[in-house]
Amino acid sequence: MEDGFAAQALPRQWEFTAPVPLGHSLDGLLGIEVSERRAGYLRARMLVRDAVRHPMGWVHGGAYSALAQMLASAGTLDGVSGLGKTAFVISNDTEVLEPVSGGTIEAVARITHQGDESWFWEVRMSTGGETCALCRVRVAVGSPGELGVEAALPGE
């Protein structure tokens, strides 16, 4: 990335099966960097730069939403791919609480419900220790056929 961020948006197991190369995906273009990933928990950051701002200079709401969706998708896929299932985001509710025009957005995603057919995640984003956005993401879980999506599962 031009800003020196290492694009690590997708779990390592996706790197060779993802239909879109990581650096060309939205996650890679936004410069999202995952720093911690374990069952039900992910931490990431996104450097605030022109590519994530809207014309007024603040971080675009879609950038927050994309960051939350990436974390929830990656976390869910980590949990279900070994079972032959995939994950598909079906809702994303993002509330921007404070405008941000610079610095780094830190995001923490935690699973709040882990069901057979859907997982719910809460993603809290902050900068300088202050919460700037809250997101709730619902991810459908199932086989690609059940979800009506074509997906490359890790190992296929």
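The values are calculated or read from the model by the stated rules, or taken from the named source; none is laboratory data. Everything quoted here is computed from the prediction, not taken from an experiment. Because the Cβ atoms are built from the backbone with ideal geometry, glycine has one as well, and the counts that use them run over all protein chains shown.
Points worth noting:
- Selection within region 33-80 - more than 30 Å from Ser143 (Cβ to Cβ) and either assigned to a helix (DSSP H, G or I) or among the β-branched types (Val, Ile, Thr) (or both): Val48, Asp50, Ala51, Val52, Val59, Gly61, Ala63, Tyr64
- Residues satisfying the stated conditions in region 119-146, i.e. among the hydrophobic types (A, V, I, L, M, F, W, C) and over 20 Å from Ala63 (Cα atoms): Trp119, Ala140, Val141
- Number of the exception - Ser91 against (1) farther than 27 Å from Gly145 by Cβ; (2) surrounded by fewer than 16 Cβ atoms within 10 Å (Cβ to Cβ): (1)
- Filtered residue count, region 81-105, keeping only those that are within 17 Å of Gly31 (Cα to Cα) and not in a strand (DSSP E or B): 4
- Within region 15-32, one or more residues are modelled with pLDDT of 85 or more, surrounded by 12 or more Cβ atoms within 10 Å (Cβ to Cβ), in contact with a strand residue (DSSP E or B) (Cβ under 6 Å, 6 or more places away or on another chain) and not in a helix (DSSP H, G or I).
- Near pairs, Cβ below 8 angstrom, 6+ apart or cross-chain, from region 75-92 (over 16 Å from Cys135 (Cα atoms)) to any residue that is surrounded by fewer than 20 Cβ atoms within 10 Å (Cβ to Cβ) and hydroxyl-bearing (Ser, Thr, Tyr): Gly84/Ser143; Lys85/Ser143; Thr86/Ser143
- Residues satisfying the stated conditions in region 119-130, i.e. surrounded by 14 or more Cβ atoms within 10 Å (Cβ to Cβ) and either modelled with pLDDT under 95 or not polar (S, T, N, Q) (or both): Trp119, Phe120, Trp121, Glu122, Val123, Arg124, Met125
- Unique match (being modelled with pLDDT of 95 or more, out of contact with any Lys or Arg (no Cβ under 9 Å at 6 or more places or on another chain) and not basic (Lys, Arg)) among Ser81, Ser91, Ser65: Ser65
- Meets criteria (closer than 21 Å to Arg37 by Cβ, in contact (Cβ under 8 Å) with a residue 60 or more places away in the chain and buried (at least 17 other Cβ atoms within 10 Å of the Cβ)) for Ala133: yes
- Any hit, region 71-84, residues being surrounded by fewer than 17 Cβ atoms within 10 Å (Cβ to Cβ) and under 16 Å from the mean Cα position of the chain (by Cα): no
- Flag for Val108 being surrounded by fewer than 24 Cβ atoms within 10 Å (Cβ to Cβ), among the aliphatic types (A, V, I, L, M), touching a residue at least 12 places away in the same chain (Cβ under 8 Å) and not in a strand (DSSP E or B): no
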